[in-house]
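Read-outs throughout are calculated quantities, based only on the coordinates presented, and are distinct from any laboratory measurement. On a predicted model such as this, the values are computed, not experimentally measured, just so you know.
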Amino acid sequence: MVVRPSRRSERADISALGWNAVSERRIGLRRRVLAPAGHRASGPGPRIKVVQSVTVGDLAGLYLDVLWEEGQHKRHVAAFLDEIDLLLRRQAFSIFSEDMLDDVTGSLRAKGNSNATINRKMAALGKLLRKARKMGDIVGLPEFRRQKERQGRIRFLETEEEERLFSSLCAHSRDAWRLAVFLVDTGARLGEALALTWNDIHDGRATFWVTKSNRSRTVPLTRRALDVLDERRGRGLRGPFVMLNQQGFRFVWNKAKKECGLGADADVVPHVLRHTCASRLVKGGVDIRRVQMWLGHQTLHVTMRYAHLAANDLDACVNVLEAFRVVERRRPSVPVPPLEQNRGNTLAGQAG
């Protein structure tokens with residue numbers, strides 16, 4: 001148990017969360033986590049708050065709803081935090097030590113997690129612990145060091161693979177096929193497309209409001225994308241893909257990819273359609289900054305994963321080097337006097 005000064009009582013702490021915004025479960029948990037009453041030292045001075053030990057699960061119960069909005073990302077974060085809590089054997093703490101951080105990192109790596117996956121899980125844990133320290137639930141945490149990530153292979157569909165996969169999709173579900181066509185021609189994430197309403201589609205463009213970066217973006221639509229949207233327009237539905245959900249689409253996707261001979265390729269997931277769109281833009285000569293805007297990446301660093309696909313951009317470098325050699329061959333050569341002659345002239349000049 002660690003005692004630290006605090007100018008807020010338990011009631012003030014709970015009130016800061018907003019009485020109307022938190023559930024009775026969260027209030028009860030916070031009352032259990034925090035000392036039931038502060039202790040005041042003799043004479044005037046700050047109120048002392050007793051910080052009791054908490055688990056990662058306790059903190060997730062307090063702050064998951066505060067730090068992450070509803071959606072698939074929040075569900076992933078909840079799973080990450082629960083996994084970390086289990087790896088720590090529900091250990092309670094008031095200081096999250098360097099040893100605890102190393103134990104979690106080592107355990108995740110032993111389970112086969114890549115550095116990129118470890119970074120995502122640690123990012124969620126770090127965000128939770130920083131909030132807990134700010135609220136006074138813990139008194140210390142270590143420095144979180146990002147693991148080095150290697151650039152993985154980006155899988156995208158060749159035209160022939162797309163035709164086989166889409167044909168199989170259409171045989172199972174016309175709506176799943178429509179969604180796949182829309183995804184590969186817009187580069188949208190699955191969740192972005194599923195959240196579309198008809199009000200988001202106008203003048204041959206689609207505006208995505210529910211995005212990973214929380215920033216809306218608008219992209220023009222191909223003729224093929226417009227055609228698959230028009231199939232469901234005017235049927236009283238709120239949006240073009242409201243009849244689908246992520247789980248159902250992935251189920252049909254997995255059946256279709258197995259039937260078309262791609263079942264053994266673990267990288268052929270729905271997100272491969274976004275990679276395919278990006279690769280086609282880069283290979284077609286679209287500059288990387290426009291590709292970033294199209295995909296809605298917050299930083300150019302993420303988009304640069306596709307830059308190596310623009311192999312034709314390097315052809316210009318070869319042309320410059322070849323032209324340089326041609327110019328050099330045409331330039332008249334300047335005779336160079338022998339070394340001894342140069343030396344003699346230099347000495348003669350010095351003597352004069």
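Just a few scattered comments:
- Estimated translational D of the stretch 273-326 in µm²/s (Stokes, Kirkwood radius over Cα pairs; 20 °C; 1.002 mPa s): 177
- Greater than 23 Å apart at Cα, pairs in 121/148; 258/283; 74/212; 74/258; 121/212; 127/212: 258/283; 74/258
- Sorted from longest to shortest, the spans of the Cα atoms of the stretch 125-258 along the three principal axes equal 58, 34, 25 Å.
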